[in-house]
Each structure stands twice: as C-alpha cells, then as structure tokens.
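The values are calculated or read from the model by the stated rules, or taken from the named source; none is laboratory data. All values reported here derive from a predicted model rather than from experimental measurement. Backbone-built Cβ (ideal geometry, glycine too); neighbour counts: all protein chains shown. Calculation scope for accessible area: heavy atoms of the full protein, side chains included, ligands and nucleic acids excluded. Shrake-Rupley method; radii C 1.70, N 1.55, O 1.52, S 1.80 Å.
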Amino acid sequence: MTDTELYVVPGTRGRTVRLAVLLSGSGTTLQNFLDLIARGDLDARIELVIASRPDAFGVERARRAGVPHAVVPRKDYASVDAFNDALHAVLDRVDIDLVLLAGFLSPFQLRGRYQFRVLNVHPALIPSFCGQGFYGVHVHRAVLASGVKVSGCTVHFADDQYDHGPIIFQECVPVLDDDTPETLAARVQSVERRLYPAAVRLWASGRLAIRGNRVMILPGPVIH
C-alpha cells in the first residue's frame, strides 16, 4: 500500500467482533470492555486474555469473568522474537478478529497477519510522552514535570514500534495546577474508557480507512 492509496479496513460488518486482549498490569481497560459487553453496549466477545506477567491482576479479572486466559512471561524468553513466537502460538489457538493492547508493556509483532488488526490506547497525546518507558504513572509524572497545559489519550493502530501507528482518536484533557499523577491519570482514563470502545465499534463497522499514516472515518452506521 502506497501513501496515496486508500485502504478501507473491512472490520466484521455486523458479526460479533472476536477480541484478544493483551495486558501486563491491573486490567482496568479489560474490565471496561467486560462491563460494556455485559451491558450490551458493545457487540463483541473476548475470546482470550494474554498477560506478560504472572502477577498481572488482569488475569484475575479474566478468571472472574470466565474468559480464557494465558500467561506468557516476557522474562522467560531471551529475545523479543522468541517472546512473540510464544504469543503468536497462543493466539493461533483461537479465531481472533482484533487484538487490543491494554497496558501491554512488551512489543507485539504484527508479522503481516495482524496489520490493521491491532489497536492500542496510550495515556498521552502521541507523539508526546510516548515510547519505551512511558507507561502508566510514568507518563503522567513526565507530563506534570514538563509544565504542559494539556494532556490526553490516543487510540491508534499499532505497528512494530512502541506507541506508533496511524491515529484513530485523540482527545485533550486539561492539566490543572494542583494535579498529581493520580488525579491526571483519572481524568485521562475517563476519556480512554469512552474512546477505545468507540474505535472498536468503528473498526467493526468497516468505517475506518487509511491513507499513508492518516486514518479517516467513513460515513455510515456504527455497529454497537
């Protein structure tokens, strides 16, 4: 695909979207999706949760919800390639339409199979405060230390680089004079909880198109 060609991501167009969620920590993003699905606000099914750390509380959230889950510890593999061999072997066991990165702290390689089938949410406005080492509270501490007046979140198609790939949504939140990393995080997370599912709905509806590094939202109905 060249920078001038328009690629329309096919989505699932009326069929329940089958999700895999990759996480490394508490699983708050996973819980948001579980709650939305349970309420009937998102036509999706989480087929698999994979954690890169055995102590990730997201595994317990998956267990409580009756969602199949696996732990693939990053520390058990000498290289990123070997780690991804293991990840892909687990993913190959189930039929997945879309992979959601939800605080996943290790690189996930698309390997051709998952191009435009992996979404990520980042708690800042990419390309600021992103890349290796910028995750969780570290992002918000860096934002406050910089003195910027706005932060926000970014939902984007993932590629083989940290926090990189065509951007679907960005939304700003103010950085207040009395903010702590925790209060700023709460403000950003409230936006994340809305934008990430919205991006999944657009993806499933076949309403996302990509030209170069720019994502366009096509007209049409949104499948919930």
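Before anything else, pin down the relative contact order of the chain: Cα pairs under 8 Å, at least 6 apart, normalised by residue count, whole percent. So the answer I get is 24 percent. For the stretch 54-123, the relative contact order comes to 24 percent (Cα pairs under 8 Å, sequence separation of at least 6). Taking 7 Å steps out from each Cα toward its Cβ at Met216 and Ser146 produces label points 3.0 nm apart. For Val94, the solvent-accessible surface with a 1.4 Å probe is about 40 Å², rounded to the nearest 10.
Here the chain is treated with +1 on each Lys and Arg Cβ and -1 on each Asp and Glu Cβ, and its dipole about the Cα centre works out to around 500 debye. The residue among Ile50, Thr28, Gly14 whose Cα reaches farthest toward the positive pole of the charge dipole of the stretch 1-60, with charges on the beta-carbon of Lys, Arg, Asp and Glu, is Gly14.
Placing dummy labels 7 Å off each Cα toward the beta-carbon, the span from Arg45 to Ala89 is 2.7 nm. Extending 7 Å from the Cα toward the beta-carbon at both Arg113 and Thr183 defines two label points whose distance is 4.7 nm.
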